[in-house]
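Visitor: Here you go, one structure.
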Amino acid sequence: MFAQRSTIASLGAAATLAMCLALPGLIWAKTGPSESKPGQPVNEILRHIDILNDKMPASSEPGGIGRCGGSKMDGQTFSGPDRFVPVLYGVAYCDRETGIVWETSPEVRFFNWAGAISHCTTREVGGRKGWALPMREQLASLLDINSVLCLGGGLCLPDVHPFQNVKSANYWSVSTTGGTPTFAWLVNYFLGGVFVLKLEGKGLAWCVRDGQSSDGQGLAAIVEPHHDHEVLEGMW
C-alpha cells in the first residue's frame with residue numbers, strides 16, 4: 001500500500017514538472033510567432049515602470065530638484081509637512097501643490113522692481129542658476145490668511161513651512177499692470193494682501209524655479225521705455 005502511494009506521488013510530481021516545462025510552449029503556440037517580437041516582454045515591463053514613475057510622489061532627493069508634482073497636474077492639495085519637499089540639500093523647497101521651487105532663505109535687501117528682477121536672474125542657490133522673480137499668482141500661492149500664524153498676527157504663510165528670513169514686508173512680483181507699466185504687483189505676507197507699487201519703489205525679492213518666466217520676454221520688453229534710466233539705476 002505504501003509503495004502504491006509513493007508511485008502515485010511520484011507520478012503526480014512528474015506530471016506537474018512536465019506541465020511547467022510545457023507551459024511556455026503552450027503560451028507561444030496560443031499567441032503565435034506573429035504576435036511576439038524580440039524584447040517585447042522587457043519593453044512591456046519598462047513601459048509599466050514608466051507609468052509607475054509618473055505616479056510616484058514628489059521627489060525627496062536632497063541634492064537635486066527632480067519632479068515635485070502637485071495640483072498643477074492632478075488637483076491634489078497638501079497640508080502640514082507633506083506640502084514642502086527639501087531639494088538642493090535643503091537650501092530650497094519644492095511646493096507640491098504648485099510644483100514651484102522656492103529658495104529657503106530669500107535675500108533681505110530691498111530692491112526697486114528692475115533690481116529685484118536682476119537679483120533673481122543672476123541668483124545662484126545650491127550651486128544652481130535659472131532662478132526668476134515669481135509671477136503675482138505664484139507669489140500669492142504661499143499666502144494662507146487662515147493659518148494660525150496669520151490669525152495670531154504673524155506671517156500669513158502655511159502653519160508648517162520650512163522657510164527662513166521671510167519678512168513682514170512687500171515682495172515684488174514680475175507681474176506689471178500693463179504693457180508699458182509704471183506699477184507692478186507685490187504681496188505682503190504680514191497683511192496677506194496683494195497690491196501694486198510704482199516700479200521705483202522698494203520691496204524684497206523671493207526667487208523661484210519652475211521652468212517658466214513671466215511671459216517669455218526679456219527685461220527690455222517689460223520695462224517702460226521712458227523709465228529705463230530711472231528703473232535700471234542700481235540694478236548691478
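Visitor: Of the residues that make up segment 107-124, is at least one of a type in the set (Lys, Arg), free of Cβ contacts under 8 Å to residues at least 24 places away in the same chain and farther than 24 Å from residue 192 by Cβ?
Guide: No; the residues of segment 107-124 include none that is of a type in the set (Lys, Arg), free of Cβ contacts under 8 Å to residues at least 24 places away in the same chain and farther than 24 Å from residue 192 by Cβ.
Visitor: Which residues, counting only those in segment 96-112, are modelled with pLDDT under 95 and among the acidic types (Asp, Glu)?
Guide: 97
Visitor: Residue check, residue 201 against (1) over 25 Å from residue 147 (Cα atoms); (2) part of a strand (DSSP E or B), all met but one. Which one?
Guide: (2)
The values are calculated or read from the model by the stated rules, or taken from the named source; none is laboratory data. Bear in mind the structure is a predicted one, so any value in this text is a computation, not a measurement. Positions of Cβ are generated from backbone atoms using ideal geometry, with glycine treated the same way; all protein chains shown enter the neighbour counts.
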